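What follows is one structure encoded as structure tokens, with my remarks underneath.
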Amino acid sequence: MTTTIENLKDKFKVLKLKNASENISEIISHAVENDFSSEKLIEYILDQEIEGREAARLEKYLKQAAFPEYKPLAEFNLEEQQTLSKKQFNQLKELSWLERGYNIVLLGPTGVGKTSLSIGLGIHAINEGYKVIFAAISDLIYWLKTAEMIRTSKTKLNRVLKCDLLIIDDIMFMAMEKQESNLFFQLINKLYGQTSIIITSNKGPTDWGELLGDQAITAAILDRIIHKCEIINLDGDSYRLTHRETIFGKS
């Protein structure tokens with residue numbers, strides 16, 4: 001029986017080699033042009049499949065992370081955020097804190113790069129094989145309150161519970177009712193010891209009682225978050241105000 005491109009595609013599909021099945025014509029052409037040996041051709045097919053699967057994994061995890069924008073660490077300008085040293089930045093980038101189950105609290109006024117840094121670290125963590133979820137505090141509370149009624153909320157919350165890193169943005173953005181504070185505590189308690197958390201806030205942990213309303217719940221949450229935690233204070237001028245755009249161009 002004569003082997004055809006379609007035969008090869010079907011066999012690759014059976015083996016779940018999606019990239020090889022979809023690109024076999026190009027793979028064969030490349031092998032012929034470069035006079036590949038049989039061993040080199042097999043290695044090339046496998047390399048292409050591994051690269052394809054890794055690209056698909058990254059695309060899937062980035063989509064599930066739900067970052068509000070794509071801002072890798074390479075775009076974070078240390079010169080404009082001089083309260084964060086290059087040594088500290090590199091230590092964050094190494095992700096040893098994530099491997100050891102530490103949390104990060106990024107503090108500072110609006111516009112100094114807290115969210116951008118958290119997104120950059122989240123993207124970097126995904127590139128290194130970790131599962132990451134980004135959520136504004138308002139969205140997180142909504143998922144907690146509606147998980148029993150709305151399927152999408154339950155799905156998102158399940159991803160939170162299974163992730164390696166949860167990024168909670170703008171934790172002082174909204175005050176919580178007692179039921180919401182209880183739900184938030186229950187979530188933090190479930191994540192404690194198994195998931196690292198990055199929190200961005202314009203106020204320090206000692207002020208979080210204003211958000212949570214209940215001092216006992218606040219203390220319980222802080223106990224779990226601060227137990228293994230690095231608190232980083234960012235300062236300076238607002239990036240958005242410094243680089244604001246007008247109808248006449250950038251200011």
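What to note about this one:
- So LEU121, is it of a type outside the set (Asp, Glu), under 17 Å from ALA66 (Cβ atoms) and either surrounded by fewer than 20 Cβ atoms within 10 Å (Cβ to Cβ) or modelled with pLDDT under 90 (or both): no
- Selected residue (only one of ARG159, ARG224 is more than 23 Å from SER116 (Cβ to Cβ), crowded, with 17+ Cβ neighbours inside 10 Å and not polar (S, T, N, Q)): ARG224
- Annotation note: of ILE198, ILE217, ILE247, the sole residue that is modelled with pLDDT of 90 or more and of a type in the set (A, V, I, L, M, F, W, C) is ILE198.
- Within the range 186-211, being touching a Lys or Arg at 6+ places or on another chain (Cβ under 9 Å), farther than 19 Å from THR115 by Cβ and buried (at least 19 other Cβ atoms within 10 Å of the Cβ) holds for ILE188, THR195.
- Qualifying positions in the range 82-118 - over 20 Å from ILE171 (Cα atoms) and surrounded by 13 or more Cβ atoms within 10 Å (Cβ to Cβ): THR83, LEU84, GLN88, PHE89, GLN91, LEU92, LYS93, LEU95, TRP97, LEU98, GLY101
- Any chance SER118 is among the small types (Gly, Ala, Ser), closer than 18 Å to LEU222 by Cβ and either outside any helix (DSSP H, G or I) or in contact (Cβ under 8 Å) with a residue 12 or more places away in the chain (or both): no
- Scanning the range 124-156 for residues that are more than 18 Å from ILE171 (Cβ to Cβ), open to solvent by 30 Å² or more (accessible area, probe 1.4 Å) and among the small types (Gly, Ala, Ser) yields a count of 1.
- Criterion violated by THR146 - all others in (1) in contact with a helix residue (DSSP H, G or I) (Cβ under 6 Å, 6 or more places away or on another chain); (2) among the hydroxyl-bearing types (Ser, Thr, Tyr); (3) under 22 Å from GLU59 (Cα atoms) satisfied: (3)
- Residue in the range 144-157 that is under 25 Å from HIS124 (Cβ atoms), under 16 Å from the mean Cα position of the chain (by Cα) and touching a residue at least 12 places away in the same chain (Cβ under 8 Å) present: yes
- Matching residues in the range 59-84 - criterion: being of a type in the set (D, E, K, R) and either touching a Gly at 6+ places or on another chain (Cβ under 8 Å) or more than 11 Å from PHE134 (Cβ to Cβ) (or both): GLU59, LYS60, LYS63, LYS71, GLU75, GLU79, GLU80
The values are calculated or read from the model by the stated rules, or taken from the named source; none is laboratory data. Keep in mind that what you see is a predicted model, and the values were worked out from it rather than measured. Note: ideal-geometry Cβ built from the backbone for every residue, glycine included; neighbour counts use all protein chains shown. When the accessible area is computed, the model is the full protein with side chains, heavy atoms only, and any ligands, DNA or RNA have been set aside. Shrake-Rupley method; radii C 1.70, N 1.55, O 1.52, S 1.80 Å.
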